[in-house]
Amino acid sequence: MDREESRLIKWYSDFQKQLVVYINRLQCQEKYAFILGHMRSGSTLLLHLLASHPEIIAGGERNKTYHDIEDLNTLALDICKQQRIILSHGKIIIDQINHEKMTPNIDVLNYPGLKRIFLLRRPEETISSIVNTFEPIYGNWPVERGTRYYISRINNIEQIAKGVSLPDNSILIKYEDLIEESSVTLERLQKFLNLKHSLSTTYKLYRYTGYRGDPSNRIKSGKILKVEDRVKIDIPSHLLNEAVATYNKCLSSIENGCVD
């Protein structure tokens, strides 16, 4: 290793340390938002809509586990490194979380500087979308697996809704409203996040588009699309009934914990 390479390595190491210190100092001032959804709930679409706003930054679905408040610093650091930017004060830093094992503990979710966006989609359409999307790409996504995932995740979201405090920091968004009543839904989100400017129904494409989160080509359209016509999957009645009951119970718990 020559002297120039050694100098660059040291500079980069020092830069990372300074960036961590900088973000730590801003910890108490910065704002965060988590989209708490499930697969095929529109979470990747919503993240792109929000990330395209000048007051928000994101790095796609991080698949990161948040054990404590310090992990929020790591989220900010990861996005700064990914996008090669220095975080400016006042930005909202956002991530989407669709899996129980990635869901932050309750202390992180109750952090006063964190907004919680609960995003749910009706069971029959979700399960059909899971099977239609993942079975051709990955295989091994039969109806029962898709339904059991959905029921487990919705139960998990309900437990979160029961455990969080600060009702002003929670909002419920339904996928159907995001698609069919886009302007009204985005206006609700603008007020909830205290954004100065309106959210748009179009969005930018990023390096992570199509790779983190939704793997389908629809996410590359750059705009909200109406629900795609697909053959509905035949879901056994006992599984569908359980999924519907779980969904309704979760909706009620979230609504009871939201001021909006």
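Derivation of every value follows stated rules applied to the coordinates shown; laboratory data play no part. Only a predicted model underlies this, so the values are computations on that prediction, with no experimental measurement involved. Glycine also receives a Cβ, built like all others from the backbone with ideal geometry; neighbour counts cover every protein chain displayed.
Against the chain, whose longest principal axis comes from its Cα atoms, helix 143-163 is set at around 60 degrees.
Equivalent-ellipsoid semi-axes for the chain (Cα gyration tensor, √(5λ), whole Å, largest first): 33, 21, 18.
Take each peptide in 144-153, 190-199, count the other Cβ atoms within 10 Å of every residue, and average; sorted highest first, the result is 144-153, 190-199. With helices as the sole contributors, the chain gives -15500 deg cm²/dmol at 222 nm; each DSSP H run of n ≥ 4 counts as -39500 (n - 2.57), and the sum is divided by every residue. Fully extending the segment from R122 to H197, taken as 0.36 nm per residue of separation minus the present Cα-Cα distance, adds 24.0 nm. Extending 7 Å from Cα along the Cβ direction at F15 and again at M102 yields two label points whose distance is 2.8 nm.
In this simple spin-label model, placing a label point 7 Å from the Cα along the Cα-to-Cβ direction at both R7 and S165 gives a separation of 5.3 nm. Across the stretch 169-218, counting alpha-carbon atoms alone, Rg and Dmax equal 12.7, 33 Å. When the Cα gyration tensor is reduced to axis lengths a ≥ b ≥ c, the ratio a/c is 1.5 or higher for the stretch 146-260, and with a/b not above b/c it is classed as oblate. Computed from point charges on the beta carbon alone (+1 for Lys and Arg, -1 for Asp and Glu), the dipole magnitude for the stretch 77-234 about its Cα centre is near 660 Debye.
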